[in-house]
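Take a look at the structure below.
The values are calculated or read from the model by the stated rules, or taken from the named source; none is laboratory data. Predicted, not measured: the structure shown is a model, and the values here were computed from it. Counting neighbours? That spans all protein chains shown, and the Cβs are built from the backbone with ideal geometry, glycine included. Heads up: the accessible areas ignore ligands, DNA and RNA and are worked out on the full protein's heavy atoms, side chains in. Shrake-Rupley method; radii C 1.70, N 1.55, O 1.52, S 1.80 Å.
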Amino acid sequence: MSYMGNKTLLILLFFFIFINPSISDEKIAFVDIDYIIQNSNIGKKMISNINKLDKKNIDNLKKKNKTLKDLELTIKGKKNIISEEAFNNEVISFRKKAQQFEKEKNQIVNDFNNYKKEEFQKIFKEITPIISSYIDENSITLLFDSKNIFMGAKELNLTEDILKKINMELK
């Protein structure tokens, strides 16, 4: 074979081996899970409950904080009126109350975060079988979350279809 024939053969081999067009019947799609949670009936209810608890916790902490600030002002006002020993005792008592408030605040924040996490886990437990059945019914091979997709064709976005199915099944 000539040099030109060998070169052509190598180029053809390269194209057949390395540049293999991927022809596949696999159906790939994506959904916006955050949108589904925020706009599904069950998600709206969960978010409402979380917001109510958050507001309740904030109001409770504000009241306790105001009480502590008022107590601090009262103690400062007594500084020149009561004895130094009585004043020091009140300051020590106030500091203990302030430390207790900080512990309570941290506990409330931890409890709230755990509650929020549990509520999201409950939602995912309820919507996962619905999404899974939708995937099976429509022969979808892969379903991605849209926050991990840079760009995709609009017809591959199944968010609205899955949202409708979730709202119908979880009334």
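Computed values, structure above
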quantity: Test set (1) within 24 Å of residue 49 (Cα to Cα); (2) touching a residue at least 60 places away in the same chain (Cβ under 8 Å) - residue 143 fails condition number; calculated: (1)
quantity: Residue in region 71-94 that is under 36 Å from the mean Cα position of the chain (by Cα), of a type in the set (A, V, I, L, M) and part of a helix (DSSP H, G or I) present; calculated: no
quantity: The lone exception for residue 168 - which of (1) hydrophobic (A, V, I, L, M, F, W, C); (2) touching a residue at least 12 places away in the same chain (Cβ under 8 Å); (3) open to solvent by 90 Å² or more (accessible area, probe 1.4 Å) it fails; calculated: (2)
quantity: Residue among 141, 128 that alone is within 17 Å of residue 28 (Cα to Cα) and open to solvent by less than 80 Å² (accessible area, probe 1.4 Å); calculated: 141
quantity: When residues of region 82-109 are limited to those that are touching a residue at least 12 places away in the same chain (Cβ under 8 Å) and open to solvent by less than 50 Å² (accessible area, probe 1.4 Å), the one nearest to residue 54 (Cα to Cα); calculated: 108
quantity: Matching residues in region 110-125 - criterion: being under 12 Å from residue 53 (Cβ atoms) and surrounded by 12 or more Cβ atoms within 10 Å (Cβ to Cβ); calculated: 111, 112, 115, 116, 119
quantity: Residue within region 42-64 that is more than 36 Å from the chain's Cα centre (by Cα), modelled with pLDDT of 85 or more and open to solvent by less than 90 Å² (accessible area, probe 1.4 Å) present; calculated: no
